[in-house]
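Since every read-out is calculated from the coordinates, none of them should be taken as a lab result. Since we're looking at a predicted model, the values are computed, not measured. Heads up, the Cβs are rebuilt from the backbone with ideal geometry, glycines too, and the neighbour counts pull from every protein chain shown.
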Amino acid sequence: MALLVVSNLTKNFDGITAVSKVSFSVAQSEIFAIIGPNGAGKTTTFNLVSGVLAPDCGEIFFRGERISGLKPHEIALRGMVRTFQTISLFDTMTVLDNVKVGCHGQARTHIFSAAFRTRAFFEEEVRMTRTALETLRLLGLERRAHEMVGNLPFGQQRLVDIARALAGEPVLLLLDEPAAGMNARERSELMAIIRTLKQRGMTIVLIEHDMDLIMEIAERIIVLDHGEKIAEGKPEEIQRNPDVIAAYLGEA
Ligand SMILES: Nc1ncnc2c1ncn2[C@@H]1O[C@H](COP(=O)(O)OP(=O)(O)O)[C@@H](O)[C@H]1O
Ligand SMILES: [Mg+2]
């Protein structure tokens, strides 16, 4: 059974249909990409799947459960975590503290136990620090753990943003244009990370503008144009699909 099933998803913003009857499903451990020209409805699709927006029509099932209508934090608790197209880190906090924000424990540490410095509070702190450091190690950012995140190069800040999402120990990770603003070396690091995550059983859905990256890493792709799904297939099928080529030429 598919991990994520999206069926007939539709969202209108006064007058324009941003997402129109879009259906797709993602299998466990798959690297799945959503591509399309600017304004095609990719981010809106993520917003609907992650509960940031409510759909006008359509249904979403995650791990067999209907999640359409749930709030973002309820969906995150079920194992789906996302990044945003624009990174939003706390510039004056360290890399480590930024990543700890993404840990599950963040929600469990009550004001009470924090205020009274209970044993549970300290244990939770230790656990979150360990999870955050392990995540940073996976992304090759361990040595940066105690630096202010605002001092890192932009591409590394993007990786910290991904680390924060991973600290929530997701089953499904949604990445919105993760390679935007990255240089060639950071991009290949990102691809290696995505492959490692897949090997560990994680499922990844990514939106990406960098066509070379997508063609190299995605196992299956859907293409959106003006809110509609115009193609679905393996990278080599998408690359030679005339409708896809026309959509991208239209953008240029
Ligand atoms: N919150 C919003 N309010 C009004 N229109 C929106 C909103 N979000 C997106 N749109 C519109 O929906 C369409 C799809 O946008 P988006 O999903 O961001 O595209 P993409 O991520 O593919 O570039 C665009 O025309 C955009 O202007
Ligand atoms: Mg977008």
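The helix-based estimate of mean residue ellipticity at 222 nm for the chain, built from -39,500 (n - 2.57) per DSSP H run of four or more residues and divided by its residue count, is -11000 deg cm²/dmol to the nearest 500. Length gained on full extension, ARG63 to ARG200: 47.6 nm, using 0.36 nm per residue less the C-alpha separation. Computed from the C-beta positions of HIS209 and GLU125, the FRET efficiency with R₀ = 45 Å rounds to 0.70. Length gained on full extension, HIS104 to ILE245: 46.5 nm, using 0.36 nm per residue less the C-alpha separation. Each residue of segment 13-19 was assigned a 3J(HN,Hα) from its phi angle through the Karplus expression (A = 6.51, B = -1.76, C = 1.60, θ = phi - 60°), giving 10, 2, x, 9, 8, 6, 9 Hz with x at Gly and Pro. Electrostatic tally near ALA180: other residues with Cβ closer than 13 Å to its Cβ, Lys and Arg +1, Asp and Glu -1, net -3.
If you take the alpha carbon atoms of segment 86-169 and fit the smallest convex hull around them, that volume is 90 Å³ per residue.
Relative to one another, the C-alpha centroids of segment 74-93 and segment 23-47 are positioned 17 Å apart. Per-residue Karplus couplings for segment 155-165, computed as 6.51 cos²θ - 1.76 cosθ + 1.60 with θ equal to phi - 60°, are listed in order as x, 6, 4, 4, 5, 4, 4, 5, 4, 4, 5 Hz, Gly and Pro entered as x. For the chain, the number of Lys pairs separated by eight or more positions or lying on different chains, with C-alpha atoms closer than 26 Å, is 17.
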